[in-house]
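What follows is a short report on a single structure.
FYI, it's all coordinate maths here, none of it is from the lab. Nothing here was measured: the structure is a model prediction, and the numbers come from that model. Here the Cβ is made from the backbone with ideal geometry for all residues, glycine too, and neighbour counts use every protein chain on show.
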Amino acid sequence: MDSNPADTRTTSAAEPRIAAHRAPTETVLALIDQSRLRRECLKLAMAQHNARWRVVDMASAAEVVRLVDAGQRFDLVLVGAATSEHIDLDEIEMLRGSLPDTPIVVSAESENPHRARLILKAGTRGFLPASLSLKVMMGALDLVMAGGVYVPSSLIEPSQTRAAEPVRPTMREPWSELTRRQRDVLGLISQGKSNKLIADALDMSESTVKAHVKQIIKRLRVANRTQAALLAAAAGPLHVAVPAMSARPAAAVAAVR
């Protein structure tokens, strides 16, 4: 019998003996999905997105709970399934009981908005429709790990709600701490506009836009403008107050003539 122990660096469910300690900069994520193909694809995308992420993939929530009981800690749990109907709410509750301080995110098809809202109300910190691109999905995971919540706008729009049953917000307005001008800049960032286009739209210099972007990132407590845009998009559209055409452009045209 071979006396050499199995490599403790493995992250597959077949070898659950994962070292309880971690490197200071290491981030450990649990990926749960019954489909091995989805697990391997997502695991590869997550590893390429951030080299400091160590992804432990498993087929069931029970395997995660066993690892937690053995001393393993996780910074985020991503639960995947073919559709939202395949997400077991009892498993979500079990994960929350075992990992009360760890954000849980679900990724699945969302043809049933009611079911997706039930998943969010179960205590998850995000619902990622399978229709998202990998880039947006990875940005959403960054957002959640930074303390935010990712909810598709289609799930937080007040359609089909009753006056007697007001919808409890799934997150506070991310722009509550921003100035009016910073909100305008954030609204245009969420539309994918560059600093130059924002400057033109709001009649300000590009350096002023950059200063606003810096303050937006700081006040929203996110890492970059992509995360700020995701946070704003998840909370719904922002009204942008575009200034009326000033006399300055007309004067400039007159000077050229």
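Observations, loosely collected:
- Long-range HN-HN contacts of residue 128 with modeled amide H, under 5 Å: 106, 107, 108
- Quotient of C-alpha Rg and 2.2 N^0.38 Å, computed over the range 47-87: 1.34
- In whole angstrom, the range 27-156 maps to an equivalent ellipsoid with semi-axes of 20, 17, 14, each derived as √(5λ) from the alpha carbon gyration tensor and ordered largest first.
- Sorting the segments 94-102, 58-66 by their mean number of nearby beta carbons within 10 angstrom, highest to lowest, gives 58-66, 94-102.
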